[in-house]
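Have a look at the structure below before the remarks.
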Amino acid sequence: MTGASRGIGRAIALRAVRDGRRVVGVARTLESLEAVAAESKGASGSFHAKACDVGDGAALTALVEGVNSEFGRLDILVNNAGITRDGLVLRMSDEDWDDVLRVNLTSAFVSCRTATRAMMRGKFGRIVNIGSVSGIMGNAGQSNYAAAKAGLIGFTKSIAREFASKGITANVVAPGFIETDMTGALGPAIKEAVLPQIPMRRFGSSEDIAGAVAYLASEEAAYITGQVLVVDGGMAM
């Protein structure tokens, strides 16, 4: 899984290790994964750290191929890596647009293109892409991010159709406002403005997202594909 070093990604990785899975966690640096590796010790599964800039397509392709070669199979792919470069459209640079699309959307295309080859050989696969309610509702100041996440939904539905007959499912988990370092930096004024939009009147936790991913990656979800599971306390209803 990509983006495994903190926040939602960290929670997904640790949940999977506790569930007995062998997890390969990917982040830009190995140092950023040290805390996750330490916390995973003693769990029934195992955690293996790999460093990669997912915005580098060639490096990401080599990583996925290497994981399949090293461990003999690749059953589950979670694309969680993402960045933000917020700004109004009139002030957004080409670089800010391109960077967000490359990391948040193109990296999922690259990893899925590579991973599905291994999954087809094993006649089994679970792909879970982490989207956002921004990709469903839009969000002022996040046109690049919303476009990437909306694109991720369309991409996931398309590959779900392409690979359904091969025993491979593909779904999206779309978080709303989740308590992470990113939302923690928003400040009290923004939080107070957002909370009334959430029927449950609270932000979610990273563990809420990890639970949704664990379900979609499980045998219980074998007949679910091409779906968007929104985990947002009712905000996008």
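The values are calculated or read from the model by the stated rules, or taken from the named source; none is laboratory data. Only a predicted model underlies this, so the values are computations on that prediction, with no experimental measurement involved. In this analysis, Cβ positions are derived from the backbone assuming ideal geometry, glycine residues included, and neighbour counts consider all displayed protein chains.
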Qualifying helices (runs of 4 or more DSSP H) (wholly inside region 140-237; at least 3 residues being of a type outside the set (D, E) and under 23 Å from A118 (Cα atoms)): 143-163, 206-216
Selection within region 25-41 - surrounded by fewer than 23 Cβ atoms within 10 Å (Cβ to Cβ) and of a type outside the set (S, T, Y): R28, L30, E31, E34, A35, V36, A37, A38, E39, K41
Unique residue being of a type outside the set (S, T, Y), over 20 Å from L229 (Cβ atoms) and either free of Cβ contacts under 8 Å to residues at least 12 places away in the same chain or in contact with a helix residue (DSSP H, G or I) (Cβ under 8 Å, 6 or more places away or on another chain) (or both) when the list is A170, A189, A148: A189
Pair list, Cβ under 6 Å, 6 or more apart: region 153-167 residue more than 14 Å from G135 (Cα to Cα), other residue among the basic types (K, R) and modelled with pLDDT of 95 or more: G167/K123
Where a residue in region 43-68 is surrounded by fewer than 17 Cβ atoms within 10 Å (Cβ to Cβ) and its partner, wherever it lies, is among the acidic types (D, E) and part of a helix (DSSP H, G or I), with Cβ under 9 Å and at least six apart: H48/E70; A51/E31
Test for A16: is it in contact (Cβ under 8 Å) with a residue 60 or more places away in the chain and of a type in the set (A, V, I, L, M): yes
Unique match (being more than 20 Å from S107 (Cβ to Cβ) and either polar (S, T, N, Q) or surrounded by 24 or more Cβ atoms within 10 Å (Cβ to Cβ) (or both)) among S134, S158, S165: S165
From D86, D75, D99, D94, residue being closer than 27 Å to G138 by Cβ, surrounded by 16 or more Cβ atoms within 10 Å (Cβ to Cβ) and over 15 Å from the mean Cα position of the chain (by Cα): D99
Filtered residue count, region 16-60, keeping only those that are over 24 Å from T84 (Cβ atoms) and not aliphatic (A, V, I, L, M): 15
Qualifying residue in region 119-131 (condition: part of a helix (DSSP H, G or I), within 13 Å of F163 (Cβ to Cβ) and either polar (S, T, N, Q) or within 20 Å of the chain's Cα centre (by Cα) (or both)): yes
